[in-house]
Amino acid sequence: MKLFDSHCHLDDRAFDQDIKDVIHRAREAGVAAAMIVGIDEKSSRKAVQIAQSHKGFYAAVGFHPHDAKECSEALLNYLRDLAEDAKVKAWGEIGLDYNRMFSPKATQRKWFERQLEIAIEQDLPVILHERDSRGELMEIFSSSGFPGKNAVVHCFSGTLQELKAYIDADLYIGVTGIVTLAERGKDLRRLLPGVPEERLVVETDAPYLTPHPEKKTTRRNEPAFVKSVLLRLARVRKEDPERLAALLWENTCRLFRIDKRQGA
């Protein structure tokens, strides 16, 4: 199977000591491509640097809602320049997070709206982060005029109502290791069979959200473990894993506008 980890944070310091080994294990597991996602100026720069050094690895630049309080027009201009690199295929991770509230709501909204404007100007797909916004993210997204077919809801774990809104807006749905977890993944497993197959992608969110069975032996997630996400998703949807892997490869390449023959 040829796999695409559509969302990971290899720029995280958790990988500083052994990133070459991590990428080697990903290759061994069939992960032919991965999207390294920035969350601020420093991580976006590092994501691009890593992507430049490894075939099949790509980068996204942006300011995460947690880090919105640090954002500025000057820093967004810097990210604009970074986005000129051929390895940058998306803008993100952007959105709203009203759960942990590391940045004030008004600040999150301001920079989410601004980054959507920039992504439209740059003609880049967006990677969306949503937590406890109670529909506000979709209100802002819909009013921005951004085409849904060029956006993915990263790490979906929401309600049926939220899922329907995302599907109606033509957004892609990112599935993480949560789907493999006995208790935490129950509701997600119930909802996933209803997602149109052409809107699904898989991701690790490494180093976070380690799937089962790897969670039994390590706390740190890594791109190689996206295979466990794929296999559980195939079980949930009662599909052949190889067919599903091929479909998800095409979906992810389409989302990020990567030639599916050249993606790896």
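The values are calculated or read from the model by the stated rules, or taken from the named source; none is laboratory data. What you see is a predicted model; the values in this text were computed from it and never measured. Don't worry about glycine lacking a Cβ; one is built from the backbone with ideal geometry, like all the others, and counts go over all protein chains shown.
Among the residues making up the range 166-222, those that are touching a residue at least 60 places away in the same chain (Cβ under 8 Å) and of a type in the set (Phe, Trp, Tyr) are Tyr172, Tyr208.
Residue-level check: of (1) within 26 Å of Tyr58 (Cα to Cα); (2) assigned to a loop (DSSP other than H, G, I, E, B); (3) modelled with pLDDT of 95 or more, Glu183 misses just (1). The residue list Lys110, Lys69, Lys89 contains one member that is under 16 Å from Gly174 (Cβ atoms) and out of contact with any Gly (no Cβ under 6 Å at 6 or more places or on another chain), which is Lys89. Annotation: of all residues in the range 155-180 being of a type outside the set (A, V, I, L, M) and in a helix (DSSP H, G or I), the one that is surrounded by the fewest Cβ atoms within 10 Å (Cβ to Cβ) is Gln161. Within the range 26-42, if we keep just the residues that are surrounded by 24 or more Cβ atoms within 10 Å (Cβ to Cβ) and closer than 20 Å to Leu75 by Cβ, the residue that is farthest from the chain's Cα centre (by Cα) turns out to be Gly38. Taking Leu188, is it closer than 21 Å to Ile36 by Cα, part of a helix (DSSP H, G or I) and of a type in the set (A, V, I, L, M, F, W, C)? Spelling it out, it is not the case that Leu188 is closer than 21 Å to Ile36 by Cα, part of a helix (DSSP H, G or I) and of a type in the set (A, V, I, L, M, F, W, C). Restricting attention to the range 69-81, does a residue exist that is under 19 Å from the mean Cα position of the chain (by Cα) and at positive phi? The answer is no; no qualifying residue exists.
Taking each residue of the range 57-70 that is farther than 23 Å from Asn150 by Cβ and of a type outside the set (Phe, Trp, Tyr) and looking for partners that are buried (at least 24 other Cβ atoms within 10 Å of the Cβ) and modelled with pLDDT of 95 or more with beta-carbon atoms closer than 8 Å, six or more apart or interchain, yields Glu70/Phe63. For the range 223-234, check the following and say yes or no: at least one residue is charged (D, E, K, R), touching a strand residue (DSSP E or B) at 6+ places or on another chain (Cβ under 8 Å), in a loop (DSSP other than H, G, I, E, B) and closer than 30 Å to Lys20 by Cβ. No, that holds for no residue. May I ask you to verify whether Ala83 is farther than 14 Å from Glu41 by Cβ, crowded, with 21+ Cβ neighbours inside 10 Å and in contact with a strand residue (DSSP E or B) (Cβ under 7 Å, 6 or more places away or on another chain)? The answer is no for Ala83. Would it be correct to say that Ser103 is over 14 Å from the mean Cα position of the chain (by Cα) and outside any helix (DSSP H, G or I)? Taking the combined requirement at face value, the residue satisfies it.
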